[in-house]
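What follows is a short report on a single structure.
The values are calculated or read from the model by the stated rules, or taken from the named source; none is laboratory data. These numbers were taken from a predicted model, which means no experiment stands behind them. A quick note on method: Cβ atoms are made from the backbone with ideal geometry, for glycine too, and the neighbour counts reach across all protein chains shown. Side chains are part of the model used for accessible areas, which takes the heavy atoms of the whole protein and leaves out ligands, DNA and RNA. Shrake-Rupley method; radii C 1.70, N 1.55, O 1.52, S 1.80 Å.
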Amino acid sequence: MGSLQYCCCQLPKMGDTWAQLPWPGPPHSALLLVFFLLAAGVMHSDAGASCPVLCTCRNQVVDCSNQRLFSVPPDLPMDTRNLSLAHNRIAAVPPGYLTCYMELRVLDLRNNSLMELPPGLFLHAKRLAHLDLSYNNLSHVPADMFREAHGLVHIDLSHNPWLRRVHPQAFQGLVHLRDLDLSYGGLAFLSLEALEGLPGLVTLQIGGNPWVCGCTMEPLLKWLRNRIQRCTADSQLAECRGPPEVEGAPLFSLTEESFKACHLTLTLDDYLFIAFVGFVVSIASVATNFLLGITANCCHRWSKANEEEEI
């Protein structure tokens, strides 16, 4: 069964409802009162129907949290600004789900069972500022995942234990992003390109990941050291899991000296010396094998001669 496609449905306006009602001649006060009551009833009915079952809707805030939902609720109020779907069992969000909700500012999807999000989910969420995807099962953050959501200020991707990869262009265009939480995932590497396009970044959380502090991590660490005064990071929680020589070391304790081996270059003299040593070792190996062969042969003949004398 294909994914459901969500589309906008215009609720009837009071003027449209009034125009559709029959008008029996000149207005009378009693008739006007009846018409007003009917119109108010229609408006109230529409407003009530726009709030999904198991959710509460008040002051543009829709709260559907802690309801054991397996799917996202349909037909939210069109003017929803704050949507909470936290602490449910939602495994997927249909494509185009946010298309109608142009006023959405806050989206809370934490503590669900999401493994991925559909491409273009945030295409029409131009006013979205706060997004919480923590405590899910996301495995990667693809390129342009947040495309068109240029108003994002806070993104929480923490506690996604299967999160192994963040595409270098995952956060492209998010010039207003101030807080990014990537802590307690499965990240061993993070491309510098994924962060250097975030001029407004103030807080970065990356602790609790199995970082492999090899040569490929040097550009990121150098960038972080240069921004540490302006960018608050969880430096005490970020540790290296490898290679063995730096295992357990705080990520931010590594200096340029730690990556000195990554910049070693060999000159022509070095290559010639290595070639010479290799040649000498090869000759020595052949000579050693030759001497061992002669020695073994002599021992064999001596042993055989002794056996003949005894006979």
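Candidates Asp144, Asp132: the one that is acidic (Asp, Glu) and on the phi > 0 side of the Ramachandran plot is Asp144.
Residues of segment 194-218 that are of a type in the set (D, E, K, R) and either touching a residue at least 60 places away in the same chain (Cβ under 8 Å) or surrounded by fewer than 16 Cβ atoms within 10 Å (Cβ to Cβ) (or both): Glu196 alone.
Scanning segment 126-158 for residues that are more than 17 Å from Leu98 (Cα to Cα) and open to solvent by 60 Å² or more (accessible area, probe 1.4 Å) yields a total of 2.
A single member of Arg164, Arg225 is outside the structural domain of Val61 (by the TED database) and either surrounded by fewer than 15 Cβ atoms within 10 Å (Cβ to Cβ) or in contact with a Ser or Thr (Cβ under 9 Å, 6 or more places away or on another chain) (or both), and it is Arg225. Within 28 Å of Gly197 (Cβ to Cβ), open to solvent by less than 20 Å² (accessible area, probe 1.4 Å) and out of contact with any Pro (no Cβ under 7 Å at 6 or more places or on another chain), is that true of Leu123? Spelling it out, it is not the case that Leu123 is within 28 Å of Gly197 (Cβ to Cβ), open to solvent by less than 20 Å² (accessible area, probe 1.4 Å) and out of contact with any Pro (no Cβ under 7 Å at 6 or more places or on another chain). Hey, Cys100 hits all of (1) over 13 Å from Ser158 (Cα atoms); (2) within 17 Å of the chain's Cα centre (by Cα); (3) open to solvent by 10 Å² or more (accessible area, probe 1.4 Å) but one; which does it fall short on? Here Cys100 clears every test but (2).
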